[in-house]
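Novice: One structure, pasted below without further comment.
The values are calculated or read from the model by the stated rules, or taken from the named source; none is laboratory data. Computed from a predicted structure; not experimentally measured. Ideal geometry is used to build each Cβ from the backbone, glycine not excepted, and the neighbour counts take in all protein chains shown. For the accessible areas, the whole protein counts, side chains as well, though only heavy atoms, and no ligand, DNA or RNA atoms are used. Shrake-Rupley method; radii C 1.70, N 1.55, O 1.52, S 1.80 Å.
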Amino acid sequence: MDKVVTKAYAKINLGLDVLRKRPDGYHDVKMIMQTVDLYDVLSVSKKEENTITISTQKEELPVNEDNLIYKAIKLMKDTYGFEGGVHVDLVKNIPIAAGMAGGSTDAAGAMRAVNELFEINRPLKELEQIAVKIGADVPYCVQGGTVLSEGIGELLTNLPDAPQCILLIAKPDISVSTKYVYENLNLPSIEKHPDIDAMVKTIKEGDMQGMIEQMDNVLASVTEQKYEIIGKIKKTMIKQGALKALMSGSGPTVFGIFDTMVQAASAYDAIKENAMAKEIFISKFINPKEENL
Ligand code: ATP
């Protein structure tokens, strides 16, 4: 085998809480991660020259060692010592710096692909354990699905699939730095934290309405205050009939949950007509373990 083609799916956070800042500067989080049907495609090939090279249609992305794909392949090489070089062609569809783990999922996809291509054949659980060296969201992205993520993102508990719904995802034309959001998060001033345990219960019971009632994101306090477009998109979604609209991760992407495709489509049109976002997708929840990765 000389080439592996894999999909790298984006995530949203159905719930996101930050528990504390740790002495090492990281934050302990408690989040419900959900894979959505929006993905990048990685074509990963062997090459003789012992280097790691990347190409992509997105001009703004780095193709050197700053790309998380590069870091992921380097980590696989340092850990398992396979022979030869690797080229990755990336078709980037996931919005960048959006709170959808776009870079992290590419890194995880590159790890899975190299594992297969070079017949390293380590269990995915093992890849998850080393993946945290690249970034806090990378362990989750190795397998995805509906997952409770704790610690800095490395403690993963699989949950049953969240109840299915129609999803509208809109990324306003601004980039948000995750670092900025965490640095400006004033934890003591937050009066109400999301109840992630209650959300886990609703997911286990397949209770869509209960899950929606628990959906909340503690980081929204920082990002929504800085960028009012986020609140405007949420309002537009609700006005068009969304059961819930929430910011994902550190933002600025907003997702809305809808009962009907007609409502989701009218929210799509309203956001587009008012130039609130260029990148808009109608999507759904997905469990990659049941898909052909
Ligand atoms: P998260 O939800 O994990 O915080 P994000 O969606 O906010 O992630 P990314 O799309 O991962 O953010 O991108 C953050 C930065 O990482 C970008 O500024 C980009 O230059 C850099 N980066 C490196 N490699 C990649 C990649 N393969 N895809 C996207 N961004 C990448």
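Novice: From the cross-link list Lys235/Lys272; Lys3/Lys46; Lys47/Lys77; Lys192/Lys234; Lys71/Lys278; Lys239/Lys272, which pairs have alpha carbons spaced over 18 Å apart?
Specialist: Working: Lys235/Lys272 14 Å; Lys3/Lys46 6 Å; Lys47/Lys77 14 Å; Lys192/Lys234 20 Å; Lys71/Lys278 30 Å; Lys239/Lys272 15 Å.
From the list (Lys235/Lys272; Lys3/Lys46; Lys47/Lys77; Lys192/Lys234; Lys71/Lys278; Lys239/Lys272), the Cα-Cα distance tops 18 Å for Lys192/Lys234; Lys71/Lys278.
Novice: Could you sort 267-279, 245-257 so that the peptide with the highest average Cβ count within 10 Å comes first and the rest follow in order?
Specialist: Details: 267-279: 16.1, 245-257: 25.8.
So the order, starting with the most tightly packed, is 245-257, 267-279.
Novice: Beta carbons within 10 angstrom, averaged per residue: use that to sort the peptides 157-165, 118-126, 101-109, highest first.
Specialist: Working: 157-165: 15.1, 118-126: 12.8, 101-109: 27.8.
Peptide ranking by packing, descending: 101-109, 157-165, 118-126.
Novice: Taking the Cβ of Glu228 as the center, what net charge do the other residues with Cβ under 15 Å away carry, scoring Lys and Arg +1 and Asp and Glu -1?
Specialist: That works out to +2.
Novice: How large is the convex hull of the C-alpha atoms of segment 218-271 per residue, in Å³? Before the final figure, lay out each step's value.
Specialist: On the way: hull volume 3.5 nm³, N = 54.
Cα-based convex hull of segment 218-271, divided per residue, equals 65 Å³.
Novice: With a 1.4 Å probe and all protein chains kept in place, how much accessible area does Ser177 have, in Å² rounded to the nearest 10?
Specialist: 60 Å²
Novice: With just the Cα atoms of the chain, tell me how far they stretch along each of the three principal axes, in Å, largest first.
Specialist: The principal-axis extents, from largest down, are 56, 42, 35 Å.
Novice: So what does Leu219 come to for accessible area, using a 1.4 Å probe and Å² rounded to 10?
Specialist: 0 Å²
Novice: Could you please state how large a percent of the accessible area of the chain is carbon and sulfur, counting protein chains only and using a 1.4 Å probe?
Specialist: Details: 6340 of 13230 Å².
That share works out to 48 percent.
Novice: If you don't mind, another one. Students often check this: by mean Cβ neighbours within 10 Å, which of 191-198, 10-17 ranks highest, and how do the rest follow? Write down the numbers at each step before the final one.
Specialist: Values: 191-198: 13.8, 10-17: 26.5.
Going by the mean number of other Cβ atoms within 10 Å, highest first, we get 10-17, 191-198.
Novice: Write down, largest first, the equivalent ellipsoid semi-axes of segment 175-217 in whole Å, where each equals the square root of 5 times an eigenvalue of the alpha-carbon gyration tensor.
Specialist: Semi-axes (√(5λ), whole Å): 27, 13, 8.
Novice: How big is the accessible area of Thr51 in square angstrom, nearest 10, if you roll a 1.4 angstrom probe over the protein chains?
Specialist: Ignoring ligands and nucleic acids, Thr51 comes out at about 50 Å².
Novice: If DNA, RNA and ligands are ignored and the probe is 1.4 Å, what is the ranking of Leu127, Leu156 by accessible area, most exposed first?
Specialist: Details: Leu127 0, Leu156 40 Å².
Largest to smallest exposure gives the sequence Leu156, Leu127.
Novice: Right, something else. Given segment 163-293 reduced to its alpha-carbon atoms as identical point scatterers, what log10 I(q)/I(0) does the Debye formula return at q = 0.16, 0.17, 0.23 Å⁻¹?
Specialist: -0.88, -0.98, -1.37
Novice: What are the DSSP H helices in the chain that stretch 15 Å or more along their long axis, judged by alpha-carbon atoms, and whose average Kyte-Doolittle hydropathy comes to at least 0.0? Present the calculation step by step, with values, prior to reporting the outcome.
Specialist: On the way: long enough: 68-80 (18 Å, 0.14); 102-117 (22 Å, -0.04); 228-239 (17 Å, -0.02); 261-273 (18 Å, 0.10).
The answer, listed by residue number, is 68-80, 261-273.
Novice: Let me ask another. Using only the alpha carbons of segment 1-151, what is the convex hull's orientation-averaged projected area in square nanometres? Before the final figure, lay out the partial values.
Specialist: Working: hull surface 35.6 nm².
For the Cα atoms of segment 1-151, the hull's average projected area reads 8.9 nm².
Novice: Let me ask something else. Could you work out the relative contact order of the chain? I mean the mean sequence separation of Cα pairs under 8 Å and 6+ apart, divided by the number of residues, in percent.
Specialist: Values: 635 pairs, mean separation 66.4, N = 293.
About 23 percent, as a whole number.
Novice: How would Arg20, Arg112 rank on accessible area, largest to smallest, probe 1.4 Å? Don't skip to the answer; put the middle values down first.
Specialist: Working: Arg20 125, Arg112 30 Å².
The ranking, largest first, comes out as Arg20, Arg112.
Novice: I've got another one for you. In nm², what is the average projected area of the convex hull enclosing the Cα atoms of segment 116-226? Don't jump to the answer; show the numbers that get you there.
Specialist: Values: hull surface 38.3 nm².
Value for segment 116-226: 9.6 nm².
Novice: Taking 0.36 nm per residue of separation and subtracting the Cα-Cα distance, what length does fully extending Tyr80 through Gln209 add? Write down the numbers at each step before the final one.
Specialist: On the way: separation 129, 0.36 × 129 = 46.44 nm, distance 4.58 nm.
Going from the current span to full extension adds 41.9 nm.
Novice: What does the charge add up to near Met247, with Lys and Arg as +1, Asp and Glu as -1, over the other residues with Cβ less than 14 Å from its Cβ?
Specialist: Numbers: positive: Lys11, Lys171, Lys226, Lys232, Lys234, Lys235, Lys244; negative: Asp17, Asp216, Glu224, Glu228.
That works out to +3.
Novice: Taking the Cα centre of each part, how many Å lie between segment 236-287 and segment 201-216?
Specialist: So the two Cα centres are separated by 19 Å.
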